[in-house]
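Down below is the structure, laid out as structure tokens.
Read-outs: derived from the displayed coordinates by stated rules, not from any lab. Here the structure is a predicted model, which means the values were calculated and not measured. Heads up, the Cβs are rebuilt from the backbone with ideal geometry, glycines too, and the neighbour counts pull from every protein chain shown.
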Amino acid sequence: MAREHASDETVELMASVIFDEKELCGLMGAKLSAAELRERIDMLGMPVDAYADGKFSLDITPNRIDMLSVEGMARALASFTGTTPGLRKYSAEPSGMRLEIDRSVRGARPYIVMAHAKGVNLNEELLLSLINVQEKIHDTFGRKRRKVSIGLHDADKVKAPFTYKAVKEFTFTPLDSERPMTIAQILKEHPKGVDYAHLVQPGKYPLLLDSNAEVLAFPPIINGTITMLTPQTRNLLMDVTGTSPRAIMDALNVLCCMLADRGAKLHSIETTDGVTPNLSPRTMKFDYKKCNRLLGLSVS
């Protein structure tokens, strides 16, 4: 569920999320009562709408997509409460994998970033969290997949180097299908194809392929069935495609930090456009005069 949030430039969507009390405390590394947790969440600017059966319901503002995940909310709370103060440091070691970005995607879906996570304990809890965050990002920050679309893959089922290119036609077996389908068939017959066909241009269909021409993804429509996640998956590949370089990197970083907080080891992928993910902190500048005016203070 999402709610509209008006801004000066556009209308963005707030996401409604549900977080489990025990899971939040476990990820925070702290023991807080439900009342204490609710108070701290409210103080972060995300008022809790309801609490029942050990679960908090609240809306996340569009500028904090990191808090769409229980891991991100726990991270923010741990910093805010002093349990784990300061900015956490994340890094990614080189994976040795490479992604070639073909010029043909410039007129289709021009931007892509990828990352590799090893040693993932893909239990039911984490799998549900990943899928939930993926869909929340799609529906809100990702503008119904137009701006940002995420693909999650079993890395052990495919082989680098990878290629991202636009094609006129192709045949592969998509998720939730038992037979190979052409792209034309997917767009007309597959539920996801029908829902999102308007996001691709005829004859310029973006595909993410491995070295054996196996399809990882047909973004922003559907993944190939070959990389489907299972409880046995331990190594993940993540791809994020879209129309904004900044937006897709932000979405990838959210996923990477989620997995790192669960114990996974992050690895970068060299692409034609650079190395991703980029987990370096960004410096933000603000106007002292404006801050003083809003706060009623006189701080230099």
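Hey, could you grab the Kirkwood Rh for the range 29-68? Inverse mean 1/r over distinct alpha carbon pairs, Å, one decimal.
Numbers: mean 1/r = 0.0921 Å⁻¹.
It is 10.9 Å.
If you take all other residues with their beta carbon under 13 Å from the beta carbon of ASP210, and give Lys and Arg +1 and Asp and Glu -1, the sum is -1.
As I understand it, the value is the acute angle between the Cα axis of helix 70-81 and the longest principal axis of the Cα atoms of the chain; what does it come to in degrees, rounded to 10? Approximately 30 degrees, to the nearest 10.
Pair-distance distribution of the range 37-161: all C-alpha pairs, bin width 10 Å, starting at 0; shares per bin in whole percent are 9, 31, 36, 17, 6, 0. For the chain, the longest principal axis of the alpha carbon atoms and the long axis of helix 124-139 meet at an angle near 90°. Using only the Cα atoms of the range 174-238, each taken as one equal point scatterer with no solvent, compute I(q) by the Debye sum, divide by I(0), and report log10 of the ratio at q = 0.17, 0.19 Å⁻¹. Results for the range 174-238 at q = 0.17, 0.19 Å⁻¹ read -0.61, -0.75. Working from Cα positions, state the angle (0 to 90°, nearest 10) between the long axis of helix 245-261 and the longest principal axis of the chain. Once rounded, one gets 70 degrees.
Mean projected area of the convex hull spanned by the Cα atoms of the range 2-81, taken over all viewing directions: 5.0 nm².
Derived value for the chain: Kirkwood hydrodynamic radius 20.4 Å. Basis is the mean of 1/r over every pair of different alpha-carbon atoms.
Please report the spacing between the Cα centers of the range 224-255 and the range 26-47 in Å, no decimals. So the two Cα centres are separated by 29 Å.
The GNM of the chain, with springs linking C-alpha atoms under 10 angstrom apart, assigns the highest mean-square fluctuation among LEU255, LEU99, LEU128 to LEU128. Cβ-Cβ distance of CYS291 and ASN121, R₀ of 35 Å, FRET efficiency by 1/(1 + (r/R0)^6): the value works out to about 0.25. The charge dipole of the chain, taken about the Cα centre with unit charges on the Cβ atoms of Lys, Arg (+1) and Asp, Glu (-1), comes to about 900 debye, rounded to the nearest 20.
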